[in-house]
Amino acid sequence: MEDLYAKFLPQFVSLARTRLATAIAAATQRDHAAAAAIMRELHTLAGEAGLLGLVEVVPLARDGELKAKQLHLTGTEADAEALLAALRELETTIERIGTARSS
Amino acid sequence: MAAASRDRFIVRAEINAGGETVISYGFDLTASSVFVVTEWHAPIGTPVSLRLSFPRILEPIDVPARIGDIRVAGEPGEPAGIRLVFDRAGGEVGEDLVSLLDRANAPTGEPGEEDRPYRVLLVDDSWLIRDMFAYGTAKFFERPGALAIDHAEDAAQAWGKLAKSTYDLVIIDYYLPTEDGASLIARLRGDPRLAPTPIVAISVGGRDARDATISAGADVFVDKPLVLRDLFNTLRVLAERRERVRPAPDRKAILVFDDSPFALALTRAALESAGFTVAIAADLSSFERQRVAFDPDLILVDVQMPEAFGDDVASTLRGWHGVQVPILLVSSLDQSELARRAETAQASGYICKGAGMSELVRRCRELLEVAP
């Protein structure tokens, strides 16, 4: 199973970076219409992280998913800020994992 | 027969850009780019989401890409389209993809394989097209016996041949007398025995023909005038590859249904390394085809997918299709909600993705009573 993680972790980090960059750009521009798509992306990211055993990523991604859902419902500035903060925390965690892998 | 060239292999290409989806075909695949035949284009540099696939050769794989070049009009044999350059994030996926097609080019070495021709049914009322195929078989196949092309002039004749024989691939023209190609494709997809057959639709009908045939269930749509070289190279790759749909009898078969290509690849790798035979599906139509063709001993279904909820899929399999094999829901939903959904859907159980791949493999072994 270790070989499997070694093979798939770089792909996960790469995909997660792409997903988060897109989500953060949409959230920064207050593109509320993108909230539903962000919600789906974060749900997928949570599942992929779970399969890889990245226990620190799963709750952050689920939290972001809930915040995107809230923004989708309300469209308020406060919920947009909350989503952005969640996405940035997730991004930091992914970067930490990526850095640890490459060091 | 010399190995066919992967760069002339035709793949189904689905481009998504700004909410618009374009389904066409691509070729000239490298680790960094692919050429997609389409009248659609956007400015160079425009980011797109690209999904490439070909039945039994290439499960759907998503590659982030950008428009690198636009060819508005070409010489004969050089159709108009766009070259999509894979993003850095998609680079590894691109390399995997090329490696996959390289493996597809390699003969499997199964006894008797080389003696069995790859059987194609061409459904087209044009004698010219049929003559072109006869010419192509002689020109592009060093050993023409490796490919057997049967012809049908209309849907009724095709249906008769399909009822009596088994084909590895069916090529269907959209414009047919009496019953059009899309209707024939829909009938094929609705028949349990014929549904898994790869179908290539061809036509001069442009977007209308493409939309109709793809909606009906064609795997790939190729515009006429045909790029014969690419189509025959594709047939050569298919003829050289004999991927068995049925698993070996001593290995348990698992079908995994998830909309995430990454989750599919990871799960397949883990289950295969644990000794299972695995088929994967990323959408409903692929899932249904695999379910019928693969006859799995266990089905794993993700819950939240764009086309359907996994618990609805499980419920339909149990209630409508009478499926008896174990079905597990796999999701990152909360455990309590997942348990409730599994019970309501009459699934055999559930696995939280957060429990990791080791737990997923353990549960599969447990359900299939396979020793570690």
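The values are calculated or read from the model by the stated rules, or taken from the named source; none is laboratory data. Treat the numbers as computed from the prediction; the structure is a model and nothing was measured. Positions of Cβ are backbone-derived with ideal geometry, glycine not excepted, and every protein chain shown enters the neighbour counts.
Close Cβ contacts (under 8 Å, 6 or more residues apart or on different chains) running from residues in segment B:298-311 that are within 12 Å of chain A (Cβ to nearest Cβ) and in contact (Cβ under 8 Å) with a residue 40 or more places away in the chain to residues that are part of a strand (DSSP E or B) and small (Gly, Ala, Ser) comprise B:Asp302/B:Ser331; B:Gly310/B:Ser331. Evaluating A:Lys67 against the criteria (1) crowded, with 24+ Cβ neighbours inside 10 Å; (2) closer than 27 Å to A:Glu2 by Cα leaves one unmet condition, (2).
For segment A:1-55, taking the residues that are over 18 Å from B:Ala270 (Cβ atoms), out of contact with any helix residue (DSSP H, G or I) (no Cβ under 6 Å at 6 or more places or on another chain) and not in a helix (DSSP H, G or I), the one that is farthest from the other protein chains (Cβ to nearest Cβ) is identified as A:Gln29. Note on segment B:344-362: among residues that are out of contact with any strand residue (DSSP E or B) (no Cβ under 8 Å at 6 or more places or on another chain) and farther than 21 Å from B:Gly322 by Cβ, the one that is farthest from the other protein chains (Cβ to nearest Cβ) is B:Arg362. Here A:Ser103 passes the criteria (1) modelled with pLDDT under 90; (2) surrounded by fewer than 18 Cβ atoms within 10 Å (Cβ to Cβ); (3) within 14 Å of chain B (Cβ to nearest Cβ) except the one numbered (3). Using the structure shown, decide if A:Thr92 is away from chain B (no Cβ under 14 Å), free of Cβ contacts under 8 Å to residues at least 24 places away in the same chain, in a helix (DSSP H, G or I) and of a type in the set (Val, Ile, Thr). So A:Thr92 fits the description; yes. Residue count for segment B:195-215 under the criterion of being modelled with pLDDT of 80 or more, more than 18 Å from B:Leu121 (Cα to Cα) and in contact with an Asp or Glu (Cβ under 8 Å, 6 or more places away or on another chain): the result is 2. Among the residues of segment A:22-40, are any modelled with pLDDT of 90 or more and within 23 Å of B:Ala355 (Cβ to Cβ)? Taking every residue of segment A:22-40 in turn, at least one turns out to be modelled with pLDDT of 90 or more and within 23 Å of B:Ala355 (Cβ to Cβ). Quick check on segment B:312-343: of everything there that is charged (D, E, K, R) and within 29 Å of the chain's Cα centre (by Cα), which residue is nearest to the other protein chains (Cβ to nearest Cβ)? Per the criteria, the residue is B:Asp312. Taking segment B:266-283 as the range and being under 12 Å from the mean Cα position of the chain (by Cα) and surrounded by fewer than 19 Cβ atoms within 10 Å (Cβ to Cβ) as the test, only B:Asp283 passes. Filter segment B:36-92 down to the residues that are at pLDDT below 75 and within 13 Å of chain A (Cβ to nearest Cβ), then identify the one that is farthest from B:Ala282 (Cα to Cα). It comes out as B:Arg88. Taken as a whole, the structure leaves A:Leu60 outside the set of residues that are more than 10 Å from chain B (Cβ to nearest Cβ), farther than 30 Å from B:Thr267 by Cα and surrounded by 14 or more Cβ atoms within 10 Å (Cβ to Cβ).
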